[in-house]
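Everything below concerns the one structure shown next.
Every read-out reported here was derived from the displayed coordinates using simple, explicitly stated rules and does not represent laboratory data. What you are looking at is a predicted structure, and each value in this text was computed from that prediction instead of being measured. Here Cβ is always computed from backbone atoms with ideal geometry, including for glycine, and neighbour counts include all displayed protein chains.
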Amino acid sequence: MPVESKHIVFFDGECNLCNSSVQRIIRNDKKSIFFFAPLQGDYAKNFLAEFGVDPQKLNTILYFNGEKVYSKSGAVLRIAGKLKFPYPLLYPFLLVPGFIRNAVYDYVGKNRYKWYGKRDSCMIPEKNLLSRFL
């Protein structure tokens, strides 16, 4: 599948909240359209360099929809819009100004290790999901 047709979620592979979010996306991805890449991996480093993004300097989820890279709450809400019900109900929150949405996102992001903990390494996906991890 060409990269232009992939929906790729770039996530912090060491973050417990981020890893559980990836698992939630997988469970609710009715069409199996999402692929996943930890920000700490080579794929993220090489792919995001094409967009002028250094994954080592990131503290956010990123979502590539085949055309554009979205970050923070914009990424989360666009991903939610493609999942099973009830997650698409979150999509209209894109109408809320980004500075408000991202203030909430940044607050959670700043505290995610304190609240949810941190892994020493990226999660290893189950065999049946390996093809969805880049």
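Measuring max minus min along each principal axis, the C-alpha atoms of the stretch 64-134 give extents of 39, 30, 25 Å (largest first).
The ellipsoid equivalent to the alpha-carbon distribution of the chain has semi-axes of 20, 18, 16 angstrom, derived from the gyration tensor eigenvalues as √(5λ) and listed largest first. Of 45, 110, 68, the residue with the greatest mean-square motion in the GNM of the chain, using alpha carbon springs below 10 Å, is 68.
Which residue, 17, 95, 62, tops the fluctuation ranking in a GNM of the chain built on C-alpha contacts under 10 Å? Result: 95 has the largest fluctuation of those listed. Note on residue 114: lysines with a C-alpha under 29 Å away, same-chain residues under 8 apart excluded, are 45, 57, 72. The gain in end-to-end length when the residue 95 to residue 110 segment is fully stretched comes to 3.0 nm, 0.36 nm per residue minus the alpha carbon separation.
Calculated [222 nm] ellipticity per residue, helices only, for the chain: -11500 deg cm²/dmol; basis is -39500 (n - 2.57) per DSSP H run with n ≥ 4, divided by all residues, nearest 500. Of all lysines in the structure, the ones whose alpha carbon falls short of 18 Å from that of residue 30, not counting any fewer than 8 places away in one chain, are 6, 82, 84. Spin-label model, residue 68/residue 126: points 7 Å from Cα along the beta carbon direction are separated by 3.5 nm.
Between the stretch 70-84 and the stretch 26-42, the C-alpha centres lie 12 angstrom from each other. Listed by chain and number, the aspartates and glutamates whose C-alpha is less than 13 Å from the C-alpha of residue 118, apart from same-chain residues fewer than 8 away, are 12, 14.
About its Cα centre, the dipole of the chain is roughly 480 debye, where the only charges are +1 on Lys and Arg Cβ and -1 on Asp and Glu Cβ.
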